[in-house]
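Take a look at the structure set out below.
Rule-based calculations on the coordinates, nothing more; no lab input. Since the structure is predicted, the reported quantities are computational estimates derived from the model, not experimental observations. Note: ideal-geometry Cβ built from the backbone for every residue, glycine included; neighbour counts use all protein chains shown.
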Amino acid sequence: MRLMSAIRPIGLCLCLWLAACAGLTGPGAQPEAATGCAVHDKVPWQPVAPSVWVWLPAAESEVSKDNAGHVAPVVVVVDAGEALVVDPGPSHRHGRRLRDSLRCQFGAQVTWLINTHAHAETVLANSAFADLQAAGRLRIGASQATREGMTQRCPDCLASLTRRVGAPAMKDTRIVLPDVTLAPGMPLRVGQRLLTVHAVEQGHTEGDLVVWDALHGVLMVGGLVYGQRIPELAQGQVDAWLAALDRLEALPVRELIGATWSRGRQGQVPAALVSTRGYLQALRSGVLRAMDEGAMAQDGSAVPLPEYASWAGYAERHGFNVLRAWRELEPVWMEQGEPAVPPPVSVQQPRR
């Protein structure tokens, strides 16, 4: 009896200690690697909100061999042993590391991949999940426009990305298309968590998908919002993109994740949304002004924006954005007519 009485306090203390340790694995805690997982391959997840995590690139930069194409955040929502991934990344190797991390660090199996837009650096990691998709254990969702864009462009995008980052980084990567067409209002369930497809915008590309976590105010916008990096207008439209940003700003966003992670607490608009709009507005007004001045679209110096020259990708992408915006805005400029000619200045002659 004395022995049992002595054991009971020890057992109670052990239970309390285990409970405390279990509490460390809650939504705000950093996940821990499971037994048998390579510590050197551990993904540096950062907590965004309860059950929402982000894997950020090392820097806001252009695709290169140094970053192996990882230039956009990967977002995951984890609940009840399931994981939903938004924009899994640029390659099979990257996707394999992502998949292993979710199993090892979170104890979760991926059940959803969401491709927000058809750019190689965000969708080619689908390759690492092809076996789960084929077995019916995972769905890959995207807008119809994104699926069509991947079908048309991904063969060239895969070849281009391979040239830029090197064949070893892209080993085993192949094109794996979405199998579910997502539309505004559709629910996305992971465990007990419910997200919604908020919109499909035509701004950054032909069909940018926006995913909304209303419970925690987390908005996942793919390539619609950049940070200190020049936005890419390859398949987009300036005016449609600006209109999309206005609609996103109307939401009560606390955490916004696009091509960067930006916060919007205490009623403030996330800074990255503001800076993306600023660049697009400056691009638009600069192109219209250049047209007024009789410049040519091919003139690389027609629309300089020195205030954005320090952003990553300015030298590589700004000139192309000018050409794209010029083609879109030329009918707008034509409709507004010739710029108003100021009246001649009257100069009084001095009296003799």
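Net charge of the neighbourhood of ARG229, taken over other residues with C-beta under 13 Å away and scored Lys/Arg +1, Asp/Glu -1, is -4. In a DSSP loop and with at most 15 other Cβ atoms within 10 Å, the trypsin sites (Lys or Arg not before Pro) in the stretch 47-99 are LYS65. Sequence-distant contacts, meaning Cα pairs under 8 Å at least 6 residues apart, place the relative contact order of the stretch 34-276 at 16 percent. A simple count of charges around SER51, restricted to other residues whose Cβ falls under 12 Å of its Cβ and scoring Lys, Arg +1 and Asp, Glu -1, yields -2.
Packing here is the average count of other Cβ atoms within 10 Å per residue, and on that basis the peptides 224-235, 148-159, highest first, run 224-235, 148-159.
Each principal axis of the stretch 209-289 carries a Cα extent, and these read 43, 24, 21 Å when sorted largest first. Note on the stretch 34-276: the alpha carbon radius of gyration divided by the globular reference 2.2 N^0.38 Å gives 0.93.
Dipole orientation for the stretch 34-276: of the candidates VAL274, SER127, ASN115, SER127 has the Cα lying most toward the positive pole (charges on Cβ; Lys, Arg +1; Asp, Glu -1).
Normalised by the number of residues in the stretch 57-199, the mean separation of alpha-carbon contacts (under 8 Å, six or more apart) gives a relative contact order of 26 percent.
The alpha carbon centroids of the stretch 269-309 and the stretch 68-85 are separated by 33 Å. Peptides 289-299, 110-120, 309-319, 210-220 ranked from most to least packed, by the mean per-residue count of other Cβ atoms within 10 Å: 110-120, 210-220, 309-319, 289-299.
Within the shell of other residues whose beta carbon sits under 13 angstrom from the beta carbon of ARG189, the net charge comes to -1, with Lys and Arg scored +1 and Asp and Glu -1.
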